[in-house]
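Structure, as structure tokens:
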Amino acid sequence: MSSFAADHAACAEVLRRSSSSFALPISLLPEAKRRGTTALYAFCRQADDIVDDAADPDSARRALDAFQADVEAALAGEESREPVLRALSDTVRRFAVPVNHVRDILEGVRMDLDRATYDTFPELEEYCRRVASAVGLAAIHIWGFRSAAAVDAGHQCGLAFQLTNILRDIPEDLGRGRIYLPTADMQACGCTADDLRAGRIGPPFARLAALHVERTAACYERAAALDGLLSTDGRMVFRAMFGVYRSLFGAVRRAGAAIFTQRVRPSRGRVMTSALATLSLGPRFVRRRSS
């Protein structure tokens, strides 16, 4: 197996081991775009794991610093020892992915080391822009898009997906000492971070859940425009990913205030049904049918 093929095979193995819901959508792409998207996923997975698996924040910072230096060197054309970084570098060059998106992803991951709470929604949106929207914007360069309007729609899509992750992972993030829901939103709804930490989940938390569900739903509405702005290849993978996340978001919406005490876990069957429906009908049609 050539070095090129081996590098991309290593990325495919990262995706396979992760059991990610993105595996099915990515498989819909033609070979070159599939390899590039898988390399992007593997890079993001490695960056996330550095922070999530570290024994303490200081060791995580050192590991992330070293990883970022390796990434910069690979993007500058230096030979890397890491197959994932070699594949990433190949993808960035082949599809003219703006390097600032790769850097934003790393800075988003770094934010999880530098802060555990957010005061306002604009602060949280900036985190989401780096850690999620930057991934989507890198991806649409691989898939192909027809208009600069895809950039704003791509940001809205990343925001919708990341807010969905945040809402379904509240107990898990709390166990890591992180509370992503902004302090200002809690105050507006009549609850506090201390209430959340102590498990005092009263009526104010139902209002907080409703506030974030409404805000996230608006992001999905705006993100649906991306469907008409992508290449045919890109549209198919976007629809499948959109369907997966709309299903996760639907489970969050149904759970209400229960999101503060248990991680939302929709059935795999429901997720796949949503992905296939959106793949066939498009996000706007599915949205009208489900509203």
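The values are calculated or read from the model by the stated rules, or taken from the named source; none is laboratory data. If you're wondering where the values come from, they're calculated on a predicted model, not measured in any experiment. Positions of Cβ are generated from backbone atoms using ideal geometry, with glycine treated the same way; all protein chains shown enter the neighbour counts.
Filtering the stretch 103-118 for residues that are at pLDDT below 95, in contact with a strand residue (DSSP E or B) (Cβ under 9 Å, 6 or more places away or on another chain) and not charged (D, E, K, R) leaves a non-empty set. Sub-8 Å Cβ pairs linking a first residue in the stretch 51-70 that is within 17 Å of Val102 (Cα to Cα) to a second residue that is modelled with pLDDT of 85 or more and hydroxyl-bearing (Ser, Thr, Tyr), at least 6 apart or interchain, are Asp70/Ser80, ordered by first then second residue.
For the stretch 191-199, check the following and say yes or no: at least one residue is closer than 18 Å to Gln156 by Cβ, without any contact (Cβ under 8 Å) to a residue 24 or more places away in the chain, among the hydrophobic types (A, V, I, L, M, F, W, C) and out of contact with any helix residue (DSSP H, G or I) (no Cβ under 6 Å at 6 or more places or on another chain).
In the first step, residues of the stretch 191-199 are kept if they are closer than 18 Å to Gln156 by Cβ; the result is none.
No, the conditions are met nowhere in the stretch 191-199.
Return a yes/no flag: does the stretch 73-83 have any residue that is polar (S, T, N, Q), under 17 Å from Ile166 (Cα atoms) and over 17 Å from the mean Cα position of the chain (by Cα). Walk me through it before giving the result.
Residues of the stretch 73-83 polar (S, T, N, Q): 80.
Next cut, under 17 Å from Ile166 (Cα atoms) only: none.
The answer is no, given that none of the residues of the stretch 73-83 is polar (S, T, N, Q), under 17 Å from Ile166 (Cα atoms) and over 17 Å from the mean Cα position of the chain (by Cα).
Checking each residue in the stretch 141-174 for being surrounded by 24 or more Cβ atoms within 10 Å (Cβ to Cβ), closer than 18 Å to Arg103 by Cβ and of a type in the set (A, V, I, L, M) picks out only Ile142. Can you find, within the stretch 10-43, the residue that is nearest to the chain's Cα centre (by Cα) among those that are farther than 23 Å from Ser133 by Cβ and touching a residue at least 12 places away in the same chain (Cβ under 8 Å)? If we take residues in the stretch 10-43 being farther than 23 Å from Ser133 by Cβ and touching a residue at least 12 places away in the same chain (Cβ under 8 Å), then Ala12 is nearest to the chain's Cα centre (by Cα).
State yes or no: is Glu107 of a type in the set (Asp, Glu) and within 15 Å of Ala47 (Cα to Cα)? Against the criterion (of a type in the set (Asp, Glu) and within 15 Å of Ala47 (Cα to Cα)), Glu107 qualifies.
Annotation for the stretch 23-44: at least one member residue is surrounded by 14 or more Cβ atoms within 10 Å (Cβ to Cβ), in a loop (DSSP other than H, G, I, E, B), outside the structural domain of Ala138 (by TED's automatic domain parsing) and not β-branched (Val, Ile, Thr). Can you confirm whether the stretch 157-165 contains a residue that is of a type in the set (Phe, Trp, Tyr), in the same structural domain as Pro182 (by TED's automatic domain parsing) and at pLDDT 95 or above? Within the stretch 157-165, one or more residues are of a type in the set (Phe, Trp, Tyr), in the same structural domain as Pro182 (by TED's automatic domain parsing) and at pLDDT 95 or above. The set of residues in the stretch 212-229 that are touching a residue at least 40 places away in the same chain (Cβ under 8 Å) and among the hydrophobic types (A, V, I, L, M, F, W, C) comprises Val213, Cys219, Ala223, Ala224, Ala225, Leu226, Leu229.
Starting from residues that are touching a residue at least 40 places away in the same chain (Cβ under 8 Å) and either within 16 Å of the chain's Cα centre (by Cα) or assigned to a helix (DSSP H, G or I) (or both), keep the ones in the stretch 167-181 and report whichever is farthest from Leu208 (Cα to Cα). Checked the stretch 167-181; the qualifying residue farthest from Leu208 (Cα to Cα) is Glu172.
With respect to the conditions (1) in contact with a Leu (Cβ under 8 Å, 6 or more places away or on another chain); (2) modelled with pLDDT under 90, Phe260 falls short on a single one, namely (2).
Tallying residues that are in contact (Cβ under 8 Å) with a residue 40 or more places away in the chain, of a type in the set (A, V, I, L, M, F, W, C) and in a helix (DSSP H, G or I) within the stretch 93-129 yields 8.
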